[in-house]
Amino acid sequence: MKALVYYGDHDIRFEEKAKPSIQNSSDVIVKILKTTICGTDLGIYKGKNPEIDPGRVLGHEGVAVIEEVGDGVKNFKVGDKVLISCITSCGTCEYCKKQLYAHCKDGGWILGYMIDGIQTEYARIPHADNSLYKIPSTIDDEVAVMLSDILPTGHEIGVQYGDVKPGDIIAIVGAGPVGMSVLLTSQFYSPSTIIVIDLDQNRLDMAKELGATHVINSGDTNVEEAVKAIAGEEGVDVAIEAVGIPATWDICQKIVKPGGHLANVGVHGKSVNFEIEKLWIKNLTITTGLVNTNTTPMLLKAAATNKLPLSKLITHRFKLSEIMKAYDVFMNGSKEKALKIIIDNDLS
Ligand SMILES: NC(=O)c1ccc[n+]([C@@H]2O[C@H](COP(=O)([O-])OP(=O)(O)OC[C@H]3O[C@@H](n4cnc5c(N)ncnc54)[C@H](O)[C@@H]3O)[C@@H](O)[C@H]2O)c1
Ligand SMILES: [Zn+2]
Ligand SMILES: [Zn+2]
């Protein structure tokens, strides 16, 4: 079979790999139907994760059909169509019992990282009973791909950790797929004002379409002043960081009001300047973390009503045989006006 394989910094290849087989009784083998590229995969490509072994198949978001089941799998059978969660969970360890699946002692984020992932034709999924979900028939396969990672990430680490409440004024810094997912899922909780901040005007225009009440282009504006002109001098109830760089952390810490929440979603590669000398007095709640995907079943039900405009996040479609071209487009996301790219398995 063909797979997108990581060899090191700026070295990925689409090449022949052996088809995976069952290793443990809780495994299934799936045939991938649709997958996508995540901002995190770009980070890997750019050398952010030297801990990854050369030869690793990348990818952790997608929809598949079950080809083979291990002896211990109870919930799935051959032929079932499934959503693959970016987080693998055993369901029985100390962390799984607290629904902190991100920290599962035999799972967490391992697909396309510590074990071979799903930008390929066939993949092995460990702990299938807890790591896969049946897809309601009213959800399109490509829409379901949005639920592997970005939608639960935005909802859990942005909106729920940020404790967005009815009437709140919230600011979302970063309008990539994760920021857009924060934008969509925050509306479950009826905030009164949603300010989205980014450098990319095209993404800001889309944010307006998806429900932002205000957008700010941080390339040509003093963001702190612009936010306070909208929210009032004290700032916002909830500031959500969905980029992962010091500049955007800084925006969040400057715009959050006393008693507010700062929810960091971005993956940071560097330290930030944490202004504890100004923040200590503000009675803030500051949160951060890796998605648990504990709200995926709920989000699947919400998506099944087709009230969430998830298909608007999909801007490009490629075939698996064209995945190198898809990486190229995704890497030039701003120029190509790309947000989420669907990759169809045309090979098997
Ligand atoms: N915590 C988690 O579990 C989790 C899960 C998935 C992704 N992430 C992280 O979330 C972050 C966002 O992911 P994504 O896929 O949406 O990324 P992305 O790169 O597509 O989007 C980031 C956005 O930030 C904007 N941006 C960059 N610099 C900016 C600045 N100075 N001011 C304002 N906007 C700026 C970009 O224009 C872009 O639209 C990444 O750090 C990713 O690794 C976290
Ligand atoms: Zn992802
Ligand atoms: Zn576990």
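Values in this text are rule-based calculations from the coordinates and carry no lab data. In this text the structure is predicted, and so the values were computed from the model without any measurement. As a convention, Cβ positions derive from the backbone with ideal geometry for all residues, glycine included, and neighbour counts pool all protein chains shown.
Applying the condition of being within 16 Å of ligand 3 (Cβ to nearest atom) and among the small types (Gly, Ala, Ser) to region 127-175 and asking which residue is farthest from Met298 (Cα to Cα) yields Ala128.
The rows are residues; the columns are (1) in a strand (DSSP E or B); (2) surrounded by 14 or more Cβ atoms within 10 Å (Cβ to Cβ).
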site	(1), (2)
Trp249	no, yes
Ala263	yes, yes
Ser271	no, no
Phe274	no, no
Ile286	yes, yes
Ala303	no, yes
Lys307	no, no
Ile343	yes, yes
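Among the residues making up region 159-172, none is assigned to a helix (DSSP H, G or I) and among the basic types (Lys, Arg). Pairs meeting the criteria (first residue in region 250-276 and on the phi > 0 side of the Ramachandran plot, second residue in a helix (DSSP H, G or I), beta carbons under 9 Å, at least 6 apart or on different chains) are Gly259/Lys282.
Counting the residues of region 187-198 that are free of Cβ contacts under 8 Å to residues at least 40 places away in the same chain and not in a strand (DSSP E or B) gives 4. Taking the condition assigned to a loop (DSSP other than H, G, I, E, B) and within 13 Å of ligand 1 (Cβ to nearest atom), does Ala175 pass? So Ala175 passes the test. On the stretch given as region 72-106, residues that are within 16 Å of ligand 2 (Cβ to nearest atom) and of a type outside the set (S, T, N, Q) total 6. Quickly run through region 208-243 and pick out the residues that are surrounded by fewer than 23 Cβ atoms within 10 Å (Cβ to Cβ) and assigned to a helix (DSSP H, G or I). Selection gives Lys208, Glu209, Val223, Glu224, Glu225, Ala226, Lys228, Ala229, Ile230, Ala231. Of the residues that sit in region 25-83 and are basic (Lys, Arg) and in contact (Cβ under 8 Å) with a residue 24 or more places away in the chain, which one is farthest from ligand 1 (Cβ to nearest atom)? The selected residue is Lys74. Within region 19-44, the set of residues being over 24 Å from Asp106 (Cα atoms) and more than 13 Å from ligand 2 (Cβ to nearest atom) comprises Leu33, Lys34.
Of Ile118, Ile125, all but one fail to be within 16 Å of ligand 1 (Cβ to nearest atom) and either buried (at least 24 other Cβ atoms within 10 Å of the Cβ) or farther than 19 Å from Gly59 by Cα (or both); the exception is Ile118. Within region 110-126, the only residue that satisfies the criterion of being within 16 Å of ligand 3 (Cβ to nearest atom) and in contact with a helix residue (DSSP H, G or I) (Cβ under 7 Å, 6 or more places away or on another chain) is Ile125. Among the residues of region 148-172, the ones that are away from ligand 1 (no atom under 13 Å from the Cβ) and of a type in the set (A, V, I, L, M, F, W, C) come to 3 in all.
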